[in-house]
Amino acid sequence: MSSIATSIFRTTNPVTLLRRVLAFDAVTSGAMGLMLILGAGLLEPLLAIPKSHLMLAGAILVPFALGVGLAAARAELSRKAIWAIVIINALWVIESFAVLFAGAISPNVLGVAFVVAQAVFVAVLAELQVIGLKLLARG
């Protein structure tokens, strides 16, 4: 996987980097959203996370993925739109940990690992988006 990710993000052009990161964010968010919606019944006993929470997360991710995909496909990238995506991603990460620490859910070890892993993944995407925006600002 790391060699695939490396080849996807290897570029010196900040516009290309941002488009690739946004497209990757859109695809992975959409896939996760659909998995959570369609697989909530199977995931609930595996992760000890309530089906309603899984479906809600999926229902949030699907339209987010569509928005990110649209932002990536624009003829000219919108810095404001990308910053909004970065902020939403950061809020997702914060909320993921808040749900665990506040005791809103009581997942098992696998469930905790799932929540933490997806939060770290989203944090990495947000950081790549920030890097792309900084490179874009430099020209």
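Remarks
- The distance between label points at residue 106 and residue 136 comes to 4.5 nm (points 7 Å beyond Cα on the Cα→Cβ vector).
- Once the Cβ-Cβ distance of residue 27 and residue 79 is raised to the sixth power relative to R0 = 30 Å, the FRET efficiency obtained is 0.85.
- Build a GNM of the chain with springs between Cα atoms under 10 Å apart, and of 110, 66, 18 the one that fluctuates most is 110.
- In the chain, the calculated helix contribution to ellipticity at 222 nm averages -29000 deg cm²/dmol per residue, counting -39,500 (n - 2.57) for every DSSP H run with n ≥ 4.
- The chain: DSSP helices with Cα axial extent of at least 18 Å and average Kyte-Doolittle hydropathy no lower than -0.5: 14-38, 51-73, 79-101, 109-138
- What the Kirkwood sum gives for the chain is a hydrodynamic radius of 15.7 Å, with every pair of different alpha carbons counted.
Read-outs: derived from the displayed coordinates by stated rules, not from any lab. None of the values given here were measured: they were computed from a predicted structure. No Cβ is skipped: glycine too gets one built from the backbone with ideal geometry, and neighbour counts run over all protein chains shown.
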